[in-house]
1. Per residue, how much accessible area does the stretch 10-125 have with a 1.4 Å probe, in Å²?
2. Carbon and sulfur together cover what percent of the accessible area of the chain at a 1.4 Å probe radius?
3. Say a paramagnetic label sat at a point 7 Å from the Cα of LEU51, along Cα to Cβ; which residues of the stretch 3-29 have their backbone N under 19 Å from it?
4. Convert each backbone phi in the stretch 53-68 into a coupling constant with the Karplus relation 6.51 cos²θ - 1.76 cosθ + 1.60 (shift: θ = phi - 60°), then list the ³J(HN,Hα) values in order as whole Hz, x for Gly and Pro.
5. Quick check on the chain: helices-only [θ] at 222 nm, where DSSP H runs of length 4 and up contribute -39,500 (n - 2.57) each and the sum goes over total residues. Nearest 500, please.
6. Quick one: if you stick a label point 7 Å off each Cα along the C-beta vector at TYR16 and LEU123, how many nm between them?
7. What order do you get for 71-81, 54-64, 8-18 when each peptide is scored by the mean count of other beta carbon atoms within 10 Å, highest first?
8. For labels at CYS24 and LEU106 in the simple 7 Å Cα→Cβ model, what's the distance in nm?
Amino acid sequence: MTNVKDVDASTIALGYYWRWQIECFFKLVKSAGHHLESWQQESALAIAKRLLVASMACVTVWAIAADKSKEAAELRLFLIKLSGRQMRHKKEFTNPALLSGLWVFLSMLEIMEAYSQEELDSLKATAQQFLGKDV
């Protein structure tokens, strides 16, 4: 519904489409691991930097979600597993779950660069003492 006159319906529909995309972006930024409303940065520059990083992550997730290639499908499945989230019946993925998995994956990459394979194996052995041998 609109009270706009003198504009064709396709232009109005396109405006609503973009508005919905913006709403989806804000939902992703506010609730999908970013928790925008609880940020405690005290300067505008700090908020702007964090918002830029969060925005880049959201755009990356949208690109992964939209890509139709086999590699992107495999990446989506991998990120969903890392996220630990369950999908509804016949739902392959959600953007919040992809974003959650992406954060885990990026953290894993940072750890893999910081520790040698031997150090990781040692940490795994120590964790297995607490978690059980099947970990």
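The values are calculated or read from the model by the stated rules, or taken from the named source; none is laboratory data. All of these numbers come straight from a predicted model, not from anything done at the bench. Quick reminder, even Gly has a Cβ in these numbers, built from the backbone with ideal geometry, and neighbours come from all protein chains shown. Heavy atoms of the whole protein, side chains included, go into the accessibility calculation; ligands, DNA and RNA do not. Shrake-Rupley method; radii C 1.70, N 1.55, O 1.52, S 1.80 Å.
1. Ligands and nucleic acids excluded, the result is 74 Å² per residue.
2. 60
3. Residues passing the 19 Å test: 19-29.
4. 4, 4, 5, 4, 5, 5, 5, 4, 4, 4, 5, 5, 5, 7, 5, 9
5. Calculated at 222 nm, the ellipticity per residue is -24000 deg cm²/dmol.
6. 5.0
7. Ranking the peptides 71-81, 54-64, 8-18 by packing returns 54-64, 71-81, 8-18.
8. Going by the 7 Å Cα→Cβ label model, 2.0 nm.
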